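What follows draws every value from the coordinates through simple rules; no lab data is involved. Because the structure is predicted, anything quoted here is derived from the model rather than measured. Positions of Cβ are generated from backbone atoms using ideal geometry, with glycine treated the same way; all protein chains shown enter the neighbour counts.
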Amino acid sequence: MMETQLSNSGNPPPKPGQRAPLALSGLDFKLLKVFKAVVEAGGFSAAQNELNVGLAAISKQISDLEIRIGMRLCTRGREGFCLTEEGSLVYQASIDLFTSVDNFRDRLSSAQNELIGDLSVGVVDNTISDINSPLVAALRKIHDESPKVRFRLHAAQLDEIERGVVEGRYIAGIVPVYQKREEFDYFSLYEERSEAYCGVGHPLFDADDAHHSVEVLREHAFVNHRYAIHRDKLDFVTYDSFSASASQVEAVAMLVQTGRFLGFLPQHYAAPWVAKGLLRALMPERVSYHTAFNLILRHNTTRSPLVKAFAQALGVDLKAPLQG
């Protein structure tokens, strides 16, 4: 793997023992923001759209930062982008730095009765069609009341959102909850209903529900939605029934539409395909389960005015986190 080349301009970085304390300037903040964006994008090329600059400019800025702080931050080459140990340290420190800056700015804006700053929220993918979700209405309310707030909305899988909240990249997450983690405080939002579906061509698609039973369903192959670990599923399917797997709702739907598998899908997500006659819910009055969606915040952290405003817009009482 080829290492990142340091800029040829200036003197080489001093040895650690000779290094003077770093006094951050406006340029350092800019370079650290570029580095943070590169890490979160997964590499130099992937960060071009986010930063709206070319690859050469990004490479030069990272090299300048490495010279400025006297550390090699990353390697890149044919095997891809990778942080060094020092790079990981600088990335985590940059998250803390910008979080502190945002908190400082939030306090000033609060004193001025004006909300500003970045509202960085992670939301699990494929939930926009759920009318029970309060997210869209909450974002609309904040934009109308606080137009200087900048939205940073990220649709991702559960593990990515949890990791982003822990690392401070997201100030909040809206996720399905299968088991609680001590790193978060949880606040109830709504429930999502899921049902068992089959696609055109499946033996059960044209059969009368009156002839169906849970035992009949267990005789057919199911798609295992890997991260949706729900105890209630075992009321309708056994582990032996899982003969395909998927990590996203969309992937589950694709496999079900082959007509070769059954699978659980959120009712709101499946509705358009049901209307087109491509999917069918099986015994929905008997075979269904509900998943709790929560707002998650990092445990034991100060709630900024922006977080408080977001929670209020969602209809959440921050003084009443869920227990257990």
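Tabulated values for the structure
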read-out	value
In nm, spacing of pseudo-spin labels at SER188 and ASP125 (7 Å Cα→C-beta vector)	3.0
Gain upon complete extension [ALA37, HIS143; 0.36 nm per residue less C-alpha separation]	35.7 nm
Length gained when the stretch MET254-THR99 is fully extended (0.36 nm per residue, less Cα-Cα span)	51.8 nm
Residues ILE131, ILE62, sorted so that the one with the fewest Cβ neighbours within 10 Å comes first	ILE131, ILE62
Estimated inter-spin distance, ASP118 and VAL166, nm [label 7 Å along Cα→Cβ]	2.1
Among (1) 33, 26, 16; (2) 29, 24, 20; (3) 45, 25, 16, the entry that matches semi-axes √(5λ) of the Cα gyration tensor in Å as calculated here	(3)
Distance between segment 303-319 and segment 98-158 - C-alpha centres, whole angstrom	10
Computed E for GLN179/SER247 - FRET, C-beta separation, R0 25 angstrom, nearest 0.05	0.90
Residue with peak Gaussian network fluctuation, the chain [Cα springs, cutoff 10 Å], from SER133, SER243, SER188	SER243
Calculated FRET value between CYS82 and ASN300, using beta carbons and R₀ = 41 Å, to 0.05	0.85
FRET efficiency for ARG218 and PHE29, using Cβ-Cβ distance with R0 set to 51 Å, rounded to 0.05	0.30
Per-q log10 I(q)/I(0), segment 158-263, q = 0.12, 0.23 Å⁻¹ (Debye; single scatterer per alpha-carbon; no solvent)	-0.51, -1.26
